[in-house]
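J.: Here it is, the structure, as structure tokens.
The values are calculated or read from the model by the stated rules, or taken from the named source; none is laboratory data. Small disclaimer: the values here were computed from a predicted structure and weren't measured. Using ideal geometry, Cβ is built from the backbone for each residue, glycine included, and neighbour counts are taken over all protein chains shown.
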Amino acid sequence: MSTLAAVPPFASPAGAETPSMKHQWLPFTPNREFKSDPKLFARAQGQYFYDPAGRAILDAGSGLFTTPAGHGRREIADAVHAQLLELDFTPSFLRAHPKSFELADRLAALLPAHIDKLFFVSSGSEAVDTAMKICLAYQRAKGAPGRTMFVSRERAYHGVNFGGVALSGMVNNRRAYGNVVHGVVHMRDTWMEENRFASGQPQFGRERADDLLRLIQLHGAENIAACVVEPVAGSTGVLVPPVGYLERLREICTANGILLVFDEVICGFGRTGEPFAAQSFGVKPDLITMAKAITNGAVPMAAVAVADHVHDAIVNGAPDGAIEFFHGYTWSAHPVSCAAALAALDIYRDERLFERARELSGYFLEQVATLRELPTVTDIRGFGMIAGIDVKADGAPGQRGYDLQKKLFDNGLHLKTTGDCAILAPQFVFTREHVDATVRILRDTIASL
């Protein structure tokens, strides 16, 4: 019997009360339309979500880039349960607990050398805002308090706190709130017509990194604190960096005293074949943000990894007894989150999931590329275990992508859409059979549009 044919059915417990849906306000959702035709997950196990009727829905989005080890991992649940009974909460202000230091050690071993100081937070948005503050604190410690500007990119996504929204370059994320935080300027994105249907890293576009040089010439390097980019721009539709692009950004930042921040909230933890995309592309930033897969999505957690020279400038430059970095959250290094993250890291190591992802990525990208023959598909991009499939707009921008996402749910496949792009981020526990099922459902659904 095939693996997919053996998917066990799940159903909601008998007599379970149906909620009213009157009171919750859903994020990033057209709430009125959703409540007229709700798409609900009731359970999850392994590679599948299940709706309340027990119908299996293949998770080709790893939740929301969060759950590469599959759903319902007993190891993480047991670690969380034990931690709640041992130490359910402790503040991290003037106090700490052993697991937070253990987790920092474990993450430091995965990160590029000398980017090994960890500041814990609870979400990717918090990680980005924290990284911005660290950049400003560093520049002040180095005697450059005038360096307050940030450079980001068009079509970037860096979370929904005010700092991250200011960095973001996706118009709908910026319309209402993007100008509250000033002093952020944007380079062009890296999508180019010449690279349509490119396989892996595009050959054209390295020169777009020189947009950073142009902005330096316009605003003055002495006013710029940091350049913040996603190594692979994820939520916008998977924009893979052209060959030489990230290397050129590093060169320009180094020459001009500007910190380089990699936002790896999506790319981190094996998505590009290495623990972090910085290692996949061989480019070392000064800070790395991470979240999502740090706990396999089981418990909210995030972190900022900071290079030694940045950390030391801030900490060693402060007076004795002073708080060196005046920042933090109630939930920073929450004991339960640390326990979940440690259990997730054990799974990634023991099951060789980063290696398995790297081994499966070639087959995954080859199969996704076969969808280019569909007349509705206008571009496909991918790297490692993430891919974006653009479909031809029909009516208002994004409407066809939204309709596609709903039809995919009905046809048994979960993924994320942004505008008219379907974004695939398979779990690392997928087999070739799961990849085949994903592409088959995609092909049939896109063809029916």
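J.: Can you name the condition, by its number, that Ser168 falls short on among (1) crowded, with 19+ Cβ neighbours inside 10 Å; (2) under 19 Å from Cys253 (Cβ atoms)?
T.: (2)
J.: Could you tell me how many of the residues in region 207-226 are outside any helix (DSSP H, G or I) and under 28 Å from the mean Cα position of the chain (by Cα)?
T.: From region 207-226, those outside any helix (DSSP H, G or I) are 220, 224-226; that's our starting set.
If we keep only those that are under 28 Å from the mean Cα position of the chain (by Cα) too, we end up with 224-226.
Result for region 207-226: 3.
J.: Could you check region 251-266 and list, in sequence order, the residues that are surrounded by 20 or more Cβ atoms within 10 Å (Cβ to Cβ) and among the charged types (D, E, K, R)?
T.: Asp263, Glu264 - these are the residues of region 251-266 that are surrounded by 20 or more Cβ atoms within 10 Å (Cβ to Cβ) and among the charged types (D, E, K, R).
J.: Restricting to helices (runs of 4 or more DSSP H) lying wholly in region 122-187: which have 1 or more residues that are in contact (Cβ under 8 Å) with a residue 24 or more places away in the chain? Full working, then the answer.
T.: On the way: elements: 124-141, 162-167, 171-174.
Of the helices (runs of 4 or more DSSP H) lying wholly inside region 122-187, those with at least 1 residues that are in contact (Cβ under 8 Å) with a residue 24 or more places away in the chain span 124-141, 162-167.
J.: List the number of the failed condition for Phe65; all other conditions in (1) at positive phi; (2) surrounded by fewer than 20 Cβ atoms within 10 Å (Cβ to Cβ) hold.
T.: (2)
J.: A follow-up question, please. Which of the residues belonging to region 409-431 are free of Cβ contacts under 8 Å to residues at least 60 places away in the same chain and either surrounded by 24 or more Cβ atoms within 10 Å (Cβ to Cβ) or part of a loop (DSSP other than H, G, I, E, B) (or both)? Steps first, answer last, please.
T.: Our first condition is that a residue be free of Cβ contacts under 8 Å to residues at least 60 places away in the same chain; within region 409-431, this holds for 410-411, 417, 420, 422.
Asn411, Asp420, Ala422 - these are the residues of region 409-431 that are free of Cβ contacts under 8 Å to residues at least 60 places away in the same chain and either surrounded by 24 or more Cβ atoms within 10 Å (Cβ to Cβ) or part of a loop (DSSP other than H, G, I, E, B) (or both).
J.: Specify which of the listed residues (Thr289, Thr295, Thr330) is surrounded by fewer than 15 Cβ atoms within 10 Å (Cβ to Cβ) and under 26 Å from the mean Cα position of the chain (by Cα).
T.: Answer to the selection: Thr330.
J.: While we're looking at this one, here's another question. Which one is farthest from the chain's Cα centre (by Cα), of the residues in region 76-88 that are closer than 15 Å to Asn296 by Cβ and exposed (fewer than 15 other Cβ atoms within 10 Å of the Cβ)?
T.: Asp78
J.: Looking at region 183-204, is at least one residue touching a Leu at 6+ places or on another chain (Cβ under 9 Å) and either at pLDDT below 95 or outside the structural domain of Glu274 (by TED's automatic domain parsing) (or both)?
T.: Checked region 183-204: at least one residue is touching a Leu at 6+ places or on another chain (Cβ under 9 Å) and either at pLDDT below 95 or outside the structural domain of Glu274 (by TED's automatic domain parsing) (or both).
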